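The values are calculated or read from the model by the stated rules, or taken from the named source; none is laboratory data. Being a predicted model, the structure only gives us computed values, none of them experimental. Positions of Cβ are backbone-derived with ideal geometry, glycine not excepted, and every protein chain shown enters the neighbour counts. Only protein heavy atoms, including side chains, enter the accessible area calculation; ligands, DNA and RNA are left aside. Shrake-Rupley method; radii C 1.70, N 1.55, O 1.52, S 1.80 Å.
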Amino acid sequence: MLENGTGSGSETVFACGKFDSKKRPKKGDKYHITATPKDEIFAMDWTATCTFSGETSEFKVA
């Protein structure tokens with residue numbers, strides 16, 4: 001869905017983008033998110049619910 005995007009957040013809320021208008025996540029659906037921050041070793045890997053869908057979308061870990 002999103003590759004080479006940018007994002008920021010905490011362990012429970014994460015926002016990322018830029019999503020193409022035809023490939024945006026659906027609010028309320030669950031997504032598996034994996035990311036490795038630039039210059040970091042530890043990857044983020046969790047399932048989160050989309051709480052806002054847009055060019056930059058927001059996800060919350062339940």
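The residues on offer are THR47, THR56, and the sole one that is within 10 Å of the chain's Cα centre (by Cα), open to solvent by 60 Å² or more (accessible area, probe 1.4 Å) and in contact (Cβ under 8 Å) with a residue 24 or more places away in the chain is THR56. Looking across the stretch 4-62, the residues that are among the hydrophobic types (A, V, I, L, M, F, W, C) and not in a strand (DSSP E or B) come down to PHE19, ILE41, PHE42, ALA43, VAL61, ALA62.
Residue by residue, here is whether (1) exposed (fewer than 10 other Cβ atoms within 10 Å of the Cβ); (2) modelled with pLDDT under 85 holds:
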| position | (1), (2) |
| --- | --- |
| PHE14 | no, no |
| SER21 | yes, no |
| GLY28 | yes, no |
| THR36 | no, yes |
